[in-house]
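Shown next, in C-alpha cells, is the structure this report addresses.
The values are calculated or read from the model by the stated rules, or taken from the named source; none is laboratory data. What you see is a predicted model; the values in this text were computed from it and never measured. Neighbour counts are summed over all protein chains in view; Cβ atoms, including those assigned to glycine, are modelled from backbone coordinates with ideal geometry. SASA here: full protein model, heavy atoms, side chains in, ligands and nucleic acids out. Shrake-Rupley method; radii C 1.70, N 1.55, O 1.52, S 1.80 Å.
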Amino acid sequence: MSSQQPSDEPVYDDRVYRSSMAVVTGVLLLALIAWLCGDAVVRGSGNSPWIALAVALCAVPLVVAFTIRPAVFANADRLRVRNPFRVIELPWAAVDSVRAGYSAEVLAEGSKYQLWSVPVSLRERKKAARQQQQQPGRRGGGPGGPGPSSSDAQKPAVPAEPQRAEADRVVDELRDLAERGASRPGAQGSVRVTWSYEIIAPVVAGALVLIVLLATG
C-alpha cells in the first residue's frame, strides 16, 4: 500500500504591516472626541447634545478609517490592502510592481493602489543613507586606536547589514513575496476591490444629521 504525500505547500499566517504611530494617534483622537462630545451631551442644552452626537457619528469613523484601520496583510498567495475606504485583494500573479517613492504603492492591472499603513519617511530614509555612508567595512582601530592584530588581519571582513528605512524594508519584503508567489496556483486571479460601507455609511449619516441640525437651529 503506497503512502500518499500531500502536494500542497505549508500555509503560514499573514504578515501584517501597520503604523504603530498612527494607531496611537487614533486612540488619542478617539479619547478626545469622547471627552468633548460626551461633555456636550451631558452639559449641553437645546440642540447641542444632538449636534455633539452627530459630530461623533461623523468623526469617529473618519478617525478610525485614517489611523487604526489601515493595514497590509501578505501571505504566500496574495496581498490584502485595507485602506480607509476600500479593501483591495491582489493575487501575486496580478501584481506588476511594489515601490516606495514619496508613498508606498502597488501597481496591478494598470492601476495604482497606495499602502496607507506603510508611511514613507524621507527623514528616516536620509538617516539610513547617512548610516550606510558612515559604515564602511571597518576592521581595526581608527587614528590613535589599536590597529588590527595578525589574527584579525587574516579574517575576512564581514559586511555590516545595510541600514534601511522602514518603508523600504517593507517594500523589499513584499517584492520578495511577489516574486516567489507569482507562480503558485493559489496566487492566480484578478484584483478585487471592495468598498467599506461600514465606514462610509455612518460618516454620511452623521454629516447629513449635522447639516439638518445646523440648518434648523
| Out of curiosity, is I88 in a helix (DSSP H, G or I) and among the hydrophobic types (A, V, I, L, M, F, W, C)? | no
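Yes/no matrix, rows are residues, columns are (1) open to solvent by 30 Å² or more (accessible area, probe 1.4 Å); (2) at pLDDT below 95; (3) under 24 Å from the mean Cα position of the chain (by Cα):
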residue: R43; (1), (2), (3): yes, yes, no
residue: G46; (1), (2), (3): yes, yes, no
residue: V63; (1), (2), (3): no, no, yes
residue: A74; (1), (2), (3): no, no, yes
residue: V81; (1), (2), (3): no, no, yes
residue: F85; (1), (2), (3): yes, no, yes
residue: W92; (1), (2), (3): no, no, yes
| note | Of the conditions (1) more than 30 Å from V209 (Cα to Cα); (2) open to solvent by 70 Å² or more (accessible area, probe 1.4 Å); (3) of a type outside the set (F, W, Y), the single one that A104 does not satisfy is (2)
| request: State all residues of region 158-179 that are of a type in the set (A, V, I, L, M, F, W, C) and surrounded by 14 or more Cβ atoms within 10 Å (Cβ to Cβ); if no residue qualifies, say none. | output: A165, A167, V170, V171, L174, L177, A178
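Per-residue answers, yes or no, for (1) of a type in the set (K, R); (2) surrounded by fewer than 16 Cβ atoms within 10 Å (Cβ to Cβ); (3) touching a Phe, Trp or Tyr at 6+ places or on another chain (Cβ under 7 Å):
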residue: G181; (1), (2), (3): no, no, yes
residue: Q188; (1), (2), (3): no, yes, no
residue: V193; (1), (2), (3): no, yes, no
residue: S196; (1), (2), (3): no, no, yes
residue: I200; (1), (2), (3): no, yes, yes
residue: A205; (1), (2), (3): no, yes, no
residue: L208; (1), (2), (3): no, yes, no
residue: V212; (1), (2), (3): no, yes, no
| note | Just one listed residue, out of Q154, Q132, is within 21 Å of R99 (Cβ to Cβ), modelled with pLDDT under 90 and open to solvent by 50 Å² or more (accessible area, probe 1.4 Å), and it is Q132
| field | region 14-34 residues that are under 16 Å from R69 (Cβ atoms) and touching a residue at least 60 places away in the same chain (Cβ under 8 Å), paired with ones that are open to solvent by less than 40 Å² (accessible area, probe 1.4 Å) and part of a helix (DSSP H, G or I) (beta carbon under 6 Å, 6 or more apart) | value | Y17/V170; A22/T67
| message | For region 172-197, give me each residue that is over 19 Å from the mean Cα position of the chain (by Cα) and in contact (Cβ under 8 Å) with a residue 12 or more places away in the chain. | response | R180, G181, A182, S183, R184, G186, A187, Q188, G189, S190
| message | So the check is Cβ under 9 Å with 6+ separation or different chains; which pairs have a first residue in region 36-64 that's without any contact (Cβ under 8 Å) to a residue 12 or more places away in the chain and farther than 18 Å from A215 by Cα and a second one that's of a type in the set (A, V, I, L, M) and open to solvent by 30 Å² or more (accessible area, probe 1.4 Å)? | response | G44/I51
| request: For region 185-203, enumerate the residues that are of a type in the set (V, I, T) and over 11 Å from V55 (Cα atoms). | output: V191, V193, T194, I199, I200
